[in-house]
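The values are calculated or read from the model by the stated rules, or taken from the named source; none is laboratory data. Note that this is a predicted model, so its numbers are computed, not measured. Neighbour counts run over all protein chains shown; Cβ positions are idealised from the backbone, glycine included. For accessibility, only protein heavy atoms count, side chains too; no ligands or nucleic acids. Shrake-Rupley method; radii C 1.70, N 1.55, O 1.52, S 1.80 Å.
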Amino acid sequence: MMQVLPSLTTEHLEISVLQPGDYALLQHYYRENEQHLAPWEPLRETDYHQEAEVQKRLTRALTGFNKGRELHFAAYFPGENEIVALATYSNLIHGPFQACYLGYSIAGKYQGRGLMAEMLIATNAFVFEQLGMHRIMANYMPENIRSERLLQRLGFEKEGLAKSYLKIAGQWRDHILTAKINPAEID
């Protein structure tokens, strides 16, 4: 069953769920930001940015959304056709856990303008208020000071260090574990 795709508006951004037809925009975002994102992402297969692969990933993501398992947001400036930032909420777990993981990135040319925080304030609110999540977890490498500051500003709290947590840029890397509890559910 197809769910209604959320559309959010902030002071500077329009935010929507990525769909298979958005493949060219996503291809452009990753190609333009390949060097900028490389230190923070896994190594990619050679066909990762090819049209067919991007369309397959977006189709799987939309299926995951319709099954209540994941949500892939893209932010744009109003009236423009360029992805500014991405936010993915994955492994949405319902029942007694009611939690998910957050991953995000911003185009290199838009860093330092507060746009990632603006996007995540809106998307986190949606995940808490509309999807009923109790907890959002976001992890970052210790040297990623920008992510550390962003998550602190958004109210995420450090919960620990995971040794050799993810294979990033071809190396197993430690990550700081953080989480934010739904503000409406804090006593």
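Here are some notes:
- Trypsin sites (Lys or Arg not before Pro) within region 29-89, DSSP loop, no more than 13 other Cβ atoms inside 10 Å: ARG44, LYS67
- For region 23-58, the set of GluC sites (Glu not before Pro) satisfying both a DSSP loop assignment and a count of at most 10 other C-beta atoms within 10 Å is given as GLU45.
- Taking the accessible area of the chain, probe 1.4 Å, and keeping the other protein chains in place, the carbon and sulfur fraction comes to 51%.
- Helices of the chain meeting both criteria, an alpha-carbon length of 20 angstrom or more along the long axis and an average Kyte-Doolittle score not below 1.0, with helices taken as full DSSP H segments, are 115-129.
- Of the GluC sites (Glu not before Pro) found in region 70-103, those that fall in a DSSP loop while having at most 16 other beta-carbon atoms within 10 Å are GLU80, GLU82.
- Counting Cα-Cα pairs of region 103-187 in 10 Å increments starting at 0 gives whole-percent bin shares of 16, 46, 32, 6, 0.
- Computed over protein heavy atoms with a 1.4 Å probe, the accessible surface of the chain works out to 55 Å² per residue.
- Ranked packing of 158-165, 109-116, most packed first, by mean Cβ within 10 Å: 109-116, 158-165
- Residues with amide H under 5 Å from that of LEU177, placed H, sequence gap 5 or more: GLU159, GLY160, LEU161, ALA162
- Normalised by the number of residues in the chain, the average gap of Cα pairs under 8 Å and 6 or more apart makes the relative contact order 19 percent.
- The chain: translational diffusion in µm²/s, Stokes-Einstein, Kirkwood Rh over Cα pairs, 4 °C, 1.567 mPa s: 76
- DSSP bridge pairs, region 49-187: antiparallel proportion in percent, nearest 5: 90
- Alpha-carbon Rg/Rh ratio, for region 57-122, with Rh computed the Kirkwood way: 1.03
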